[in-house]
Amino acid sequence: MNVEAMVDYLPLFWEAMMLTLKIGWIGIAGSIVIGLVVALVDHFHVPVLRQVLRVYVEIFRNTPLLIQLFFIYFGLPRLGIPIGADVCGAVGLALHGGSYMAESFRSGLDAVSDVQRESALSLGLTRLQVMRYVVLPQAWALCFPSFVANIIFLLKETSVFSAISLMDLMFTAKDLIGLYYQTTECLVLLVIFYLIIILPVSIVGSVIERRLRYGSLGA
């Protein structure tokens with residue numbers, strides 16, 4: 001293994017990691033917003049919109065992110081809507097992740113029993129207060145493990161951004177391999193940088209999940 005070559009490639013991989021993190025976290029933030037809206041619409045049984053959003057969830061959960069990115073990147077310009085690769089990556093990841101986040105949030109909301117809602121209403125709380133103080137805290141604790149798993153999943157899905165010519169980690173690795181044939185060195189760096197991105201999320205998520213679990217048990 002050529003260590004000197006790996007040291008030379010570090011700045012390129014670092015720059016690619018920054019781009020991957022930027023677009024990845026923008027997409028994840030968008031997916032959280034989309035997922036929460038979809039889950040609330042489904043929870044409150046909003047007519048028509050609920051069915052439309054269910055179709056969205058089924059389509060985006062059951063098709064690969066790569067295909068979705070192709071539709072956005074190559075399809076929208078044909079409709080007269082120009083879109084850059086970075087915007088396409090963020091939007092595609094948000095829409096793809098939103099379908100997973102929606103199911104995660106929905107399962108948390110549905111897990112809170114109706115008895116608790118009715119008891120809170122009988123104590124004089126408004127429906128908004130019941131949602132804020134009774135339902136959402138419990139739903140958040142219940143869906144947090146799947147929420148973290150979705151974030152990790154979406155961070156790993158950023159590896160397909162290279163297909164739309166984004167200079168992410170995967171694109172950089174493939175480009176350097178094609179230029180210098182340092183396959184092992186580039187793949188090792190690729191693994192290391194993805195671990196740098198994902199391991200902190202996994203560790204922090206585990207700590208928070210443990211605290212939420214013990215906090216709920218203590219309550």
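Every read-out reported here was derived from the displayed coordinates using simple, explicitly stated rules and does not represent laboratory data. Since this is a predicted model, take the numbers as computed values, not measurements. All Cβ positions, glycine included, derive from the backbone under ideal geometry; neighbour counts span all protein chains shown.
Here are the numbers for the structure shown:
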read-out	value
Yes/no for residue 52 being more than 22 Å from residue 172 (Cβ to Cβ) and either in contact with a strand residue (DSSP E or B) (Cβ under 9 Å, 6 or more places away or on another chain) or not in a helix (DSSP H, G or I) (or both)	no
One residue from 79, 65, 121, 125 being surrounded by 18 or more Cβ atoms within 10 Å (Cβ to Cβ) and either within 27 Å of residue 43 (Cβ to Cβ) or over 15 Å from the mean Cα position of the chain (by Cα) (or both)	65
Yes/no for residue 107 being hydroxyl-bearing (Ser, Thr, Tyr), touching a residue at least 24 places away in the same chain (Cβ under 8 Å), loosely packed, with under 15 Cβ neighbours inside 10 Å and farther than 28 Å from residue 190 by Cα	yes
Residue pairs meeting the criteria (Cβ under 7 Å; at least 6 apart or on separate chains; first assigned to a helix (DSSP H, G or I), in segment 8-19; second of a type in the set (S, T, N, Q))	12/172; 13/172; 16/172
Yes/no for residue 11 being within 15 Å of the chain's Cα centre (by Cα) and loosely packed, with under 13 Cβ neighbours inside 10 Å	no
Of residues in segment 193-205 being more than 16 Å from the chain's Cα centre (by Cα) and within 14 Å of residue 155 (Cα to Cα), the one surrounded by the fewest Cβ atoms within 10 Å (Cβ to Cβ)	195
Failed item in (1) under 24 Å from residue 10 (Cβ atoms); (2) surrounded by fewer than 20 Cβ atoms within 10 Å (Cβ to Cβ), with residue 186 passing the rest	(2)
Subset of segment 87-146 [among the basic types (Lys, Arg) and either farther than 26 Å from residue 202 by Cα or in contact with a strand residue (DSSP E or B) (Cβ under 9 Å, 6 or more places away or on another chain) (or both)]	117, 127, 132
